[in-house]
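What follows is a single structure, written as structure tokens, with notes after it.
Taken together, the values in this text are just the output of simple stated rules run on the coordinates, not laboratory data. Given the structure is predicted, the values throughout are model-derived calculations rather than measurements. All Cβ positions, glycine included, derive from the backbone under ideal geometry; neighbour counts span all protein chains shown.
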Amino acid sequence: MRYLPLTSDDRAGMLAKIGVDHIDALFADIPSNKLLKHLPKLPLHKGEIEVERLMGRMSARTISASSVPFFVGAGAYKHHIPATVDHLIQRSEFLTSYTPYQPEIAQGTLQYLFEFQTQVAALTGMDVANASMYDGSTGCGEAVLMAHRITKRSKAILSGGLHPHYADVVQTLSEMAQAECVTLAPDVLAGEDILSQIDNTVSCVVVQTPDFFGNLRDLRAIADKCHANGALLIAVFTEVMSLGLITPPGEMGADIVVGEGQSIGNALNFGGPYVGLFATKSQYVRQMPGRLCGETVDADGTRGFVLTLSTREQHIRRDKATSNICTNSGLCTLAFTIHMSLLGQTGLKRIAEINHANAVMLAGQLSAIKGVSVLNKSFFNEFAVRLPGNAAHLVEQLASKHVMAGVPVSRLLPGAGLDDVLLVANTEVNSDEDRQAFVEALKEVL
Amino acid sequence: MLNRQGRPTTPGDATHNDHPTFTGNKALSQIEPLIFETGRLETTGVDYEAPQSFKSRLAELERKSEIGLPGVSEPEAMRHYVRLSQKNYGIDTGLFPLGSCTMKHNPRLNEKIARMPGFSDVHPLQPVSTVQGALEVMHTLSHWLMELTGMDAVALSPKAGAHGELCGMMAIKAAIAAKGESATRNVVLVPDSAHGTNPATAALIHFIVKPVPVREDGTVDPAVVASLAGPDTAAIMLTNPNTCGLFEKDVVAIADAIHAAGGYFYADGANFNAIVGKARPGDLGVDAMHINLHKTFSTPHGGGGPGAGPVVLSELLAPFAPVPFVRHTDEGFELVESEEEASNHGAHAFGRMTAFHGQMGMYVRALSYMLSHGSDGLRQASEDAVLNANYVRACLADLMSLPFGNRPCMHEVLFDDTWLKDTGVTTLDFAKAMIDEGYHPMTVYFPLVVHGAMLIEPTESESRASLDLFIATLRDLAMSVKRGETERFTGAPYHAPVRRMDETRAARSPILKYTPPQAALEAAE
Amino acid sequence: MGETKYTKDHEYIRVDGDVAIVGISDYAQSQLGDVVFVELPKLGKALSKGDEAAVVESVKAASEVYAPVSGEVTEINAALEGQPGAINEDPEGSGWFMKVKLSDPSELSGLMSEADYKAYLASIH
């Protein structure tokens, strides 16, 4: 077995040193009738060639995003990742290190976490950011619980523009934590009246921008009403690249900003691992979940970094912790940080413009097709299209023509009466040819 | 006439020079500023052409403020992050005996496979007909996990161990609710030796945590569990093998006591690496257990993530598993994504843990690991992990103190600081001195049930020669303590990129992000 | 100034008339290590004996400070916010937490005297 260095002689010698004559003597605490007599009913070991062949076959039974014109979004986005990123995150010292509990030999991890926190705070327009959550959706759940701790209330209002999976995660967590959670009806046109929901019993209001349907939302009036009622505004995003071009939630009065960071540095990976971004105002930092990295000095006065404010966390506070989170998204935060460092604000603004320009172009092309209409007044790189037919069926037909057209809203909101609505995303990776292929194929199936 | 003198070929006089260098660097040890201190606001390390003019659809919400993040060119980025990496210790650097964390070798085959386009370049919401291979990975992984644990179902989606705990405890809460006992059954028993995540998880979903004292031998007494269990007991959360490195020998009686009271048995599977192929949690009475794929099945720890925490469930809890889950039918693999859809298949899904379908990148790596090892290799790995830990124990028992006596342990061995009493050296000092010797320290001050804990988990990845050097090093350090050479410890590490850090300063006035000098000056005024 | 009394949770209370100064003992601060943060109650808060009155955090630990007696919070030591180290340096002096107006002075009799507290500390070691 290529991964196991001990030889039979080693094992025998070590057993002798330990003073037992058989390996099972070391398993003597397992009740003897529970100790397995036979190997599990699973295949025996395999060499690299065979494993690669088996897994390669499974990979080949899946159509990859790069192999077709690709317009699927709804919370995860196909973006270009500079080659440098994947090379660097595979450096052994990053890949095979642990949570930086021994700061003297983990300054590499700690420094990039500090850089990551700085980047996230700047992008969202907030005071402080943590060292990541698992992803946007779980971060959203944690944000709601954090608001409950701060306001000492337990009622959350979720906008109908919040990603349905995010709403489900919050709903599940709320039910289990015996908190109230009101989810407004799906809001394709961003026309909901959320202000009338806010009173002094509400802990927090959760609003996504760009929302699930792609609409940009002005949060200022909601923030004002929240604050007048002692409630917090939680702003959510699923497309972090939008922050290169649109007003950050922190400038619109958000108290907690949480979102998905996958678009910067991280591949689609069929849904994970991703990286949850989480930022807030300074005054709430001690109610924040997750790890935080802070600057300090060592015994010689040299600048360095450590995990700090750990008393909020489970390993110290146990049942009084702000969250149970432990492992987070380490390496995905590194990918984010490297990609963001390469972009800088100049590159980010440019790539965000390209996304928007491409989406505007596609929206124009699609709405020129008879029976097809774009529903959004505003959007960044994704918008909702009403089709003259069932969107899920049309997506299947287009897939058979090798075009991945987008996400039928009915897949995430079955029974919402939105079976003819399709979400279409368009990023910097889509070429004019891709858009042309989409338009032609759609015309053919309509 | 050519100059044939050339360069000197012997080192010359072996003088020592303690003068600081001009740069502060020491050969390969480089000081590296923050990226914000070297980057420029107008610089970018990517080349994208400006789009042709178009009519913006951003309403009035265009960003007016500067983001304030400088960029760097590609060579600068490369050098910056390579230098940072050189300040880190990883498994590939050396022995990483961090107890409870299972820092084993990460095969690069798994990295290669995870980057196959059919896994990495696939969107979670593509039509199901286009992702059959990805679903097959999930289905196959589930099969292996069920077979190895002897359990009936798997909820794959939890993102890490603690998230898996939450999932398992939610399934238990849902099962209790289905029986109409929510109002009365709300106490969770948690042994003092548990990971901090256990009580944090139970408290998060409003269970009342009742601690279970650990008996003299480091394990849980079923009689104590029986005396604490009653009609208000929702569950026990038990780590097995436990955090003292011991198998809970009365686990079956503990399970019986909990079940007799009408509660469920949640097992923390963080230490599953000790028993894969040797015993199955399902045979021990477990109702739910998370598995840290990043520990037992070797997906890289990556400096603290990403992980994955699938939860295996017993027959009783299986119907409550969250969405999504994969079904295999005659037509292929299908994905059940909503609670309504789940109920069509007779399930009562309690909800959803996360967007999309979980940590696919980790599933691929874990499955590759399993296929490579096979049933025989997995069992051998567990045996070797246990053998290595016991070898360390046997070779250090005469110098360091074992809180529960010199008896066999599982895949990690726990020492306490009794042997350091009155030496002027603490567990932390000892750990820091290990850094100078080129080792990552063991887990220290955990579990909390012993004083000054040192929890050593060598894993199966270490050769005998590597263990022998490690043991010899710890023996040398221990002798040094006994000789009273305290300075070797109290000031350590001396040779790491930085010395001991001032954590008090970091926590008293937290600096959690970089502020440019000018802005910092203005803020101070 | 009256006598200083102690609780088993290592709070101290020093009574002056019907107002008492509350803080944590020297032993408590030494166990916590460097204090980095204190969360004090709001002025005017009515505390019952045994209520969670404040939270004190060091780098490695956090613990609740319980009200040793019932009463209303009449003053808090706001200086601790910027100087939590005072709790380590002078716990029974400048490191005090809050002043409480006693609602039931008879509760004092259930607390330990300094001598009793010293004996108690010896007993737990």
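Odds and ends about this structure:
- Per-q log10 I(q)/I(0), the stretch B:110-368, q = 0.07, 0.16 Å⁻¹ (Debye; single scatterer per alpha-carbon; no solvent): -0.23, -1.16
- Neighbour counts of other Cβ atoms within 10 Å put C:ASP16, B:ASP283, A:ASP319 in the fewest-to-most order C:ASP16, B:ASP283, A:ASP319.
- If you run the Gaussian network model on chain A, springs between alpha carbon atoms under 10 Å, then out of A:VAL409, A:VAL128, A:VAL51 the most flexible one is A:VAL51.
- Here the Karplus relation 6.51 cos²θ - 1.76 cosθ + 1.60, evaluated at θ = phi - 60°, turns the backbone of the stretch A:328-345 into coupling constants of 10, 10, x, 5, 6, 5, 5, 4, 4, 5, 5, 4, 5, 5, 5, 5, x, 5 Hz, with x for every Gly and Pro.
- Within the stretch C:1-78, trypsin sites (Lys or Arg not before Pro) in DSSP loop having at most 13 other beta-carbon neighbours inside 10 Å: C:LYS8, C:LYS42
- Once the C-beta distance of B:ASP468 and B:THR490 is scaled by a Förster radius of 35 Å, the resulting FRET efficiency is 0.80 to the nearest 0.05.
- A:VAL285 versus C:ILE124: modelled label distance in nm, points set 7 Å from Cα along the beta carbon direction: 3.1 nm
- Near-label residues of the stretch B:397-426 by backbone N, under 19 Å of a point 7 Å along Cα→Cβ of A:ASP21: B:408
- Given chain A, longest segment not containing exposed loop trypsin sites (Lys or Arg not before Pro) (DSSP; at most 10 other Cβ within 10 Å): A:153-369
- Across the cross-link table entries A:LYS225/A:LYS320; A:LYS155/C:LYS8; A:LYS377/B:LYS64; A:LYS46/A:LYS78; A:LYS152/B:LYS64, which are compared at the Cα atoms, the separations over 26 Å belong to A:LYS225/A:LYS320; A:LYS155/C:LYS8; A:LYS46/A:LYS78; A:LYS152/B:LYS64.
- 3J(HN,Hα) couplings calculated from phi for the stretch C:44-50 with the Karplus curve 6.51 cos²θ - 1.76 cosθ + 1.60 (θ = phi - 60°) are, in sequence order, x, 5, 8, 10, 9, 3, x Hz; Gly and Pro show x.
- Kirkwood-type hydrodynamic radius, the stretch B:375-497: 14.8 Å, calculated from all non-identical alpha-carbon pairs.
- Local electrostatic count at A:CYS140 - Lys and Arg +1, Asp and Glu -1, tallied over other residues with Cβ under 11 Å: -4
- Residue of A:THR201, A:THR96, A:THR280 that the Gaussian network model of chain A assigns the largest fluctuation, springs spanning Cα pairs under 10 Å: A:THR96
- Comparing A:THR238, A:THR172, A:THR333 in a Gaussian network model of chain A (Cα springs below 10 Å), the most mobile by mean-square fluctuation is A:THR172.
- Cβ-derived FRET efficiency at R0 51 Å, A:ALA60 paired with B:LYS55, nearest 0.05: 0.75
- Antiparallel DSSP beta bridges within chain B, percent to nearest 5: 55 percent
- Nearest 10 degrees, 0 to 90: helix A:136-151 Cα axis against chain A principal axis: 90 degrees
- Sum of -39500 (n - 2.57) over DSSP H runs of 4+, divided by residues of chain B (222 nm, nearest 500): -10500 deg cm²/dmol
- Centre separation in Å (Cα based) which lies between the stretch A:196-229 and the stretch A:236-290: 16 Å
- When only alpha carbons are used to place a centre, the stretch B:1-41 and the stretch A:376-446 end up 59 Å from one another.
- Over 16 Å [Cα-Cα, the stretch A:8-59], rounded percent: 65 percent
- The stretch A:94-121 and the stretch B:457-522 have Cα centres spaced 15 Å apart.
- Summing charges over all other residues whose Cβ lies under 13 Å from the Cβ of A:SER203, with Lys and Arg as +1 and Asp and Glu as -1, gives +1.
- FRET efficiency, 1/(1 + (r/R0)^6) with R0 35 Å, evaluated for B:ASP18 and B:THR38 via beta carbons: 0.75
- Rounded to the nearest whole Hz, the Karplus-based 3J(HN,Hα) values (6.51 cos²θ - 1.76 cosθ + 1.60, θ = phi - 60°) of the stretch A:87-101 follow the sequence 4, 5, 6, 8, 4, 3, 5, 8, 4, 10, 8, 10, 2, x, 7, with x at glycine and proline.
- Spacing of the two label points (7 Å from each Cα toward its C-beta) at B:TYR48 and B:LEU399, in nm: 5.7 nm
- Neighbouring Cβ atoms from other chains, within 10 Å of the Cβ of residues in B:267-276, number 1 on average.
- With both labels modelled 7 Å from their Cα along Cα-to-Cβ, the A:GLU440 to B:HIS206 distance reads 5.8 nm.
- Placed amide H near C:SER70: partners under 5 Å, 5+ positions off or other chain: C:LYS49, C:SER103, C:ASP104
- Long-range amide H partners of A:GLY304 with built H, under 5 Å: A:THR296, A:VAL297, A:ASP298
- Among the residues of B:452-462, the average count of other protein chain beta-carbon atoms within 10 Å of the residue beta-carbon is 1.
- Summing +1 for each Lys or Arg and -1 for each Asp or Glu among the other residues whose beta-carbon sits under 12 angstrom from that of B:LEU148 gives +2.
- Ignoring lysines fewer than eight residues from A:LYS370 along the same chain, the ones with Cα atoms less than 19 angstrom from its Cα are A:LYS443.
- Placed amide H near B:ASN88: partners under 5 Å, 5+ positions off or other chain: A:GLY108
- Mean residue ellipticity at 222 nm, helices only, chain A: -11500 deg cm²/dmol; runs of at least 4 DSSP H residues each add -39,500 (n - 2.57), and the sum is divided by the number of residues.
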